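Heads up: the structure comes next, in structure tokens.
The values are calculated or read from the model by the stated rules, or taken from the named source; none is laboratory data. Keep in mind the model is a prediction, meaning the values are calculated, not measured. Reconstructed Cβ throughout: ideal geometry from the backbone, glycine too, with neighbour counts over all protein chains shown. Only protein heavy atoms, including side chains, enter the accessible area calculation; ligands, DNA and RNA are left aside. Shrake-Rupley method; radii C 1.70, N 1.55, O 1.52, S 1.80 Å.
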Amino acid sequence: MLPGWTTEVEVYFGTAPLVDATAPPLSPDDLLQLDSIGGRWREGSALVPLKDRDGREIVGAVAARPLRVPTGPLPGGLGLAFPAAVLAVAGAGGIAFRGRSLRRGGYIGAALLLAAAAYFDVRAVARSSTDRWLTDTRRLLQEAATRLPPPRSRVSVSDLAALVPDAELAAGEPAESAPRRVRIDGAPRAIVAVLIGAGRWVDLRTVPAELTTPRWLVLLLPSALVGPLGILLLRWAERTPPRKRRETAIAWGFVAPAGFHLLVFTLGPAAFAIYLAKPLANFNAVIHDPLTWLSMRDTGVYALYVPVSVVIALGAALVMHRYRVGWGGRLLRSALLLPYVTSVVAIALLWQLIDQAGTLGLGRTGWLSSPATALPALMLLSLYAQVGGQTLVFFAGLERIPSDYFDAARVDGATPWRRFWRITLPLLRPITWFVALTGLVGAFQVFTIFFILTQAEPRVLVERAYQIGWGSQAFGVASAFAVLLCLALVVFSWPRLRLLGRYARQP
């Protein structure tokens, strides 16, 4: 049924009305015409025949008439969008006639006012449609309660619940007839009381339709901003030379595919995950799940490989810097960089073959399938895959250290060990922190190698979120898990970004 419309139904037994006893009866000619043509329009109502149980004889008729009902919050059912549009056009016209700059936000404010009014209209219509559905369904249940039970027995709630599979039916108490909003176990519900017998009340519950209206903002806000953005673009084109306009258009043409990809595959799914995670019950389920803390423990233990990889990468960078001239240094750089640029899936499959053949030539198989040895084996794999990238970062930091410092230390008689502790390590401190924090963030985001190489334990955080969403089909809980993990990663990434900015400002 369209929003803003309802249906008035009248049932006739023979020619006599049953719902409204004061309604005019049908004529015998009406029943004869229904018997011949099967249905027709009569005084604005659709009239269809009502036959007996055998479907042979016409015993009455059903008349349905569509009625327009007011849905808006203003008098006469008028919505908020029309007066908001009048105000927005008047405000925009005043700004235009006064010649004020668009930078003050007048046009954009008028457009946002129109979008907000349209959103509140959509929300009001959704709420009204839920109330009408509850009211009409209550009538259906009350009618069914008088017809379903056999003689001298009472209708069961389960029989009535079969009539409304998209809603909930539970034992209730006497309440007002108007639909109302309540919270049941923390979840919002629209509810109405239904009398199904002498002193027997049930509650008809459903999810309010207005809860789904926030998704309309995704459509309304961009649509409302099309006009102001178009005006801003035209103003910019008027005062910009043609050559600069072409250069800007070409630049945006190159940026647009990446921006579209970011919007569709990153920002859009992130916003949808936040929307799915909204109920607090999802966050409570994540916090009280023992497997959440088990995956947190396994991830924390796995992240212990990061300090080891930092030390190895620093040592390898010192060796590379010492022998940077000649084919030996180039060969070492290539050997360290090759695992880092190789696909993680390829590395995981290679290690799986090595494990099946006898782990690292030690003659023992099954390291990856045993919970006791899988985690150390995966930490060793991560060392192999990540050390190359960390080594290159340290090597770049060593290249930035002026050689004058080392020459002066040699003149003063400093040994290589003292030069390392007094010059190299202090000047590499920002790089060391950056590499360590980057490694920790990557360790908490690991998924691919665990998903490919392990079938049970150990479990890491991202893999646990995947299992909740696609294994248990609990996408709300999985989204809440992902939101909490994202917040934790933001906390870890903030010091890294500050270090990176401080290092970039250094001369």
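For the stretch 162-204, with every protein chain kept in place, what is the accessible area per residue (1.4 Å probe, Å²)?
Each residue of the stretch 162-204 exposes 55 Å² on average to a 1.4 Å probe.
In terms of modelled amide H atoms, which long-range or inter-chain residues lie less than 5 Å from the amide H of GLY14?
When sequence neighbours closer than 5 places are left aside, the close amide H contacts are GLY60, ALA61.
With the full set of protein chains in place, find how many percent of the accessible area of the stretch 371-483 is carbon and sulfur; take the probe as 1.4 Å.
The C+S portion of the solvent-accessible surface of the stretch 371-483 is 63 percent.
Need one word for the stretch 295-363: rounded, prolate or oblate. Basis is the Cα gyration tensor (sqrt eigenvalues a ≥ b ≥ c); a/c below 1.5 gives rounded, then a/b vs b/c decides.
oblate
Ratio to report: Rg/Rh of the stretch 335-435, with Cα atoms as the point set and Rh obtained by the Kirkwood method; give two decimals.
Answer for the stretch 335-435: 1.19.
Can you order the peptides 270-279, 54-63 by their average number of other Cβ atoms within 10 Å per residue, highest first?
Going by the mean number of other Cβ atoms within 10 Å, highest first, we get 270-279, 54-63.
Across the stretch 469-478, in residue order, what do the Karplus-derived ³J(HN,Hα) couplings come to in whole Hz, using 6.51 cos²θ - 1.76 cosθ + 1.60 with θ = phi - 60° and x for Gly and Pro?
After applying 6.51 cos²θ - 1.76 cosθ + 1.60, I find x, 9, x, 9, 6, 9, 5, x, 5, 5 Hz.
Using a probe radius of 1.4 Å on heavy atoms only, what accessible surface per residue do you get for the stretch 361-506? Whole Å² is fine.
So the stretch 361-506 comes to 55 Å² accessible per residue, rounded to a whole number.
Over the stretch 110-193, what percent of the accessible surface lies on carbon and sulfur atoms, probe 1.4 Å?
55 percent
Using Cα centres only, tell me the gap between the stretch 414-434 and the stretch 207-272 in whole Å.
48 Å
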